[in-house]
Amino acid sequence: MDDIKIPFEAYKGTDPYIFVSYDYADSDRVFPIISEFHNEGLSVWYNKGIDPGNERPEEIGTALEQCLLFIVFISDASAASENVRNEINLALGEKKPFIAIWLEEAKLTSGLKLQIGSKQAIMRYRMNDGDFYYKCYKSFDAFGITKSKEESLHSTSGNPAPGGNGNSFDVLETKKIKDESPHSTSGNPAPGGNGNIFVSGSDVYVAGHEDDKAFYWKNGLAVRLSNSKSDASSIFVSGSDVYVAGHETVGGYDKATYWKNGKAVCLSNDPSSASSIYISGSDVYVAGYEDDKAFYWKNGLAVRLSNSKSDASSIFVSGSDVYVAGHETVGGYDKATYWKNGKAVCLSNDPSSASSIYISGSDVYVAGNEYNRAFYWKNGLAVRLGFSYGGAASIYVSGSDVYVAGSYGSEKVGVDDKATYWKNGGMPVNLPNSKSCSASSIYISGSDIYIAGKEDDKATYWKNGVAVRLG
């Protein structure tokens, strides 16, 4: 245990703080967890690395009596520790709010079972990182322990957006949304899991823009779609046909457009844009917005999804069911939403947005962000992806594995975000040179992971982490 470093100084002050009880033998498992709490702006007191022979009972007792929340890490070692048992007894005697975090399936004495059996328990050893920290922070909020947050929250302009010579993922500082119309090119949402990269056999297709013109690339060869100012947000290949969704700018306003094999089809004469395209049989489905309202089009016929300010970022068709992900604006803030056959399902009551949707069997997966953090939802249940600022741009399900691409890792909103993907809610996997690149879409083909985005403002995709520059 001598090589375990003390991660931070224990809190000293008068603000509400967490008291952490643990056995020194568990330091290698406890310290990374409380370090994340500390990095999130929580005040944490812990007996930092003192072995059982050098305890300071008066200091420990005072710290426990003055804390707002008591957390004990349960393991076989802590269950056998007299010091941990004494701290539990004092916390119960002082009627402190109490959470037991189980590091393993430990064996408790009958007396300890009786003492903590009714207290809130979080089974760390059964949970992935995203689920674990999400549950912790929700529990802390309930006890009045809140994380330090930037005042800015995601709004429409904070959604993943095309940028540079590729589709970038920008987490921008935002305020309450103003009713500004129409959307500008830079405000368009990024594509979802059925987004701007598509793999068909050995062919790799990527949609984006270059010099303010809509393009797609097939195996690195560029195909220009328009001579006008335009952008391409999503691509879908069906047989020998290549479909691309985006917009062309006409008369100063964006017009929702898709291209089939390079031939443009204008979907709306009003200010609008198309962000996602999906082909089912002979039917062409496109999602986007028109006049600040979420829409989708089926074979060119418009279906309005909301009467409120809203946007549609991603579309997926499963059998006869049409799923669209995006957001509705309520009380001045975006709320992550998806629609199934036109019926809205709100995913979060907090400021949030949904950028991508994927259907696997009867399960509905949606990726997005909440409070400037990356999330995905499975059948409405939230899974938090990491603990730092960032966002989830795209989701793809392959068998039982859930892949999400986006940005992650900054200490401030939109600063030094890293292009990242997550598998099954685990630790983020940063792309090489990720500080100068962004990820907007992910596609799984066999054992290969394809991610589209940009690197140094150039359209790029990565196959298994190896970059292929397009622009």
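Is it the case, given these coordinates, that Gly446 is out of contact with any strand residue (DSSP E or B) (no Cβ under 8 Å at 6 or more places or on another chain) and free of Cβ contacts under 8 Å to residues at least 60 places away in the same chain? Yes.
Hey, does segment 74-81 have a residue that's buried (at least 17 other Cβ atoms within 10 Å of the Cβ) and either touching a Pro at 6+ places or on another chain (Cβ under 6 Å) or without any contact (Cβ under 8 Å) to a residue 24 or more places away in the chain (or both)? Among the residues of segment 74-81, not one is buried (at least 17 other Cβ atoms within 10 Å of the Cβ) and either touching a Pro at 6+ places or on another chain (Cβ under 6 Å) or without any contact (Cβ under 8 Å) to a residue 24 or more places away in the chain (or both), which makes the answer no. Within segment 242-256, being of a type outside the set (A, V, I, L, M, F, W, C), free of Cβ contacts under 8 Å to residues at least 24 places away in the same chain and assigned to a strand (DSSP E or B) holds for one residue alone: Lys255.
Can you say whether Lys263 is charged (D, E, K, R) and exposed (fewer than 15 other Cβ atoms within 10 Å of the Cβ), as far as the supplied structure shows? Yes; evaluated as a whole, the condition is true for this residue. For Ile60, the conditions (1) of a type in the set (Val, Ile, Thr); (2) buried (at least 19 other Cβ atoms within 10 Å of the Cβ); (3) out of contact with any Asp or Glu (no Cβ under 9 Å at 6 or more places or on another chain) are fulfilled apart from (3).
Close Cβ contacts (under 6 Å, 6 or more residues apart or on different chains) running from residues in segment 300-312 that are more than 22 Å from Ser282 (Cα to Cα) and in contact (Cβ under 8 Å) with a residue 24 or more places away in the chain to residues that are in a strand (DSSP E or B) and charged (D, E, K, R) comprise Ser306/Lys293; Ser306/Glu328; Ser310/Lys293; Ser310/Glu328.
Among the residues making up segment 226-235, those that are touching a residue at least 24 places away in the same chain (Cβ under 8 Å) and surrounded by fewer than 24 Cβ atoms within 10 Å (Cβ to Cβ) are Ser226, Lys229.
Scan segment 430-452 for residues that are of a type outside the set (A, V, I, L, M), at pLDDT 90 or above and either within 17 Å of Gly220 (Cα to Cα) or within 21 Å of the chain's Cα centre (by Cα) (or both) and the total you get is 4. Looking only at residues in segment 383-399 that are in a strand (DSSP E or B) and in contact with an Asp or Glu (Cβ under 9 Å, 6 or more places away or on another chain), the one that is surrounded by the most Cβ atoms within 10 Å (Cβ to Cβ) is Gly391.
Residues satisfying the criterion are absent from segment 137-160 (criterion: more than 26 Å from Pro428 (Cα to Cα), modelled with pLDDT of 90 or more, loosely packed, with under 13 Cβ neighbours inside 10 Å and not basic (Lys, Arg)).
Can you pull out the residues in segment 303-359 that are charged (D, E, K, R) and touching a Pro at 6+ places or on another chain (Cβ under 8 Å)? Answer for segment 303-359, where residues must be charged (D, E, K, R) and touching a Pro at 6+ places or on another chain (Cβ under 8 Å): Asp311, Asp334, Lys335.
Taking strands (runs of 3 or more DSSP E) as the structural unit, those lying wholly within segment 287-377 and holding at least 1 residues that are under 22 Å from the mean Cα position of the chain (by Cα) and surrounded by 19 or more Cβ atoms within 10 Å (Cβ to Cβ) correspond to 293-298, 310-318, 321-330, 333-340, 352-360, 363-370. Considering only residues of segment 103-136 that are closer than 14 Å to Val30 by Cβ and in contact with a Lys or Arg (Cβ under 6 Å, 6 or more places away or on another chain), which is surrounded by the fewest Cβ atoms within 10 Å (Cβ to Cβ)? The qualifying residue surrounded by the fewest Cβ atoms within 10 Å (Cβ to Cβ) is Ile122. Confirm whether Ser27 is crowded, with 16+ Cβ neighbours inside 10 Å, more than 30 Å from the chain's Cα centre (by Cα) and at pLDDT 90 or above. It is false that Ser27 is crowded, with 16+ Cβ neighbours inside 10 Å, more than 30 Å from the chain's Cα centre (by Cα) and at pLDDT 90 or above.
Look at segment 450-469: where a residue is touching a residue at least 12 places away in the same chain (Cβ under 8 Å) and surrounded by 15 or more Cβ atoms within 10 Å (Cβ to Cβ) and a partner is assigned to a strand (DSSP E or B) and basic (Lys, Arg), sitting 6+ places away or on another chain with Cβ atoms under 8 Å, you get Tyr450/Lys463; Glu455/Arg469; Lys458/Arg469; Ala459/Arg469; Thr460/Lys454; Thr460/Arg469.
Can you spot a residue in segment 272-288 that is acidic (Asp, Glu) and modelled with pLDDT of 95 or more? Yes, segment 272-288 contains at least one residue that is acidic (Asp, Glu) and modelled with pLDDT of 95 or more. A count restricted to segment 195-225 and to residues that are surrounded by 21 or more Cβ atoms within 10 Å (Cβ to Cβ) and either within 14 Å of Ala264 (Cα to Cα) or among the small types (Gly, Ala, Ser) (or both) stands at 7. Is it the case, given these coordinates, that Ser234 is modelled with pLDDT of 95 or more and under 18 Å from Val199 (Cβ atoms)? So Ser234 passes the test. Taking every residue in segment 197-211 that is more than 22 Å from Ser230 (Cβ to Cβ) and pairing it with any residue that is aliphatic (A, V, I, L, M), at least 6 positions away or on another chain, the pairs with Cβ-Cβ distances below 6 Å are Ser200/Val237.
The values are calculated or read from the model by the stated rules, or taken from the named source; none is laboratory data. All values reported here derive from a predicted model rather than from experimental measurement. So basically every Cβ, Gly included, is an ideal-geometry build from the backbone, and we count neighbours across all protein chains shown.
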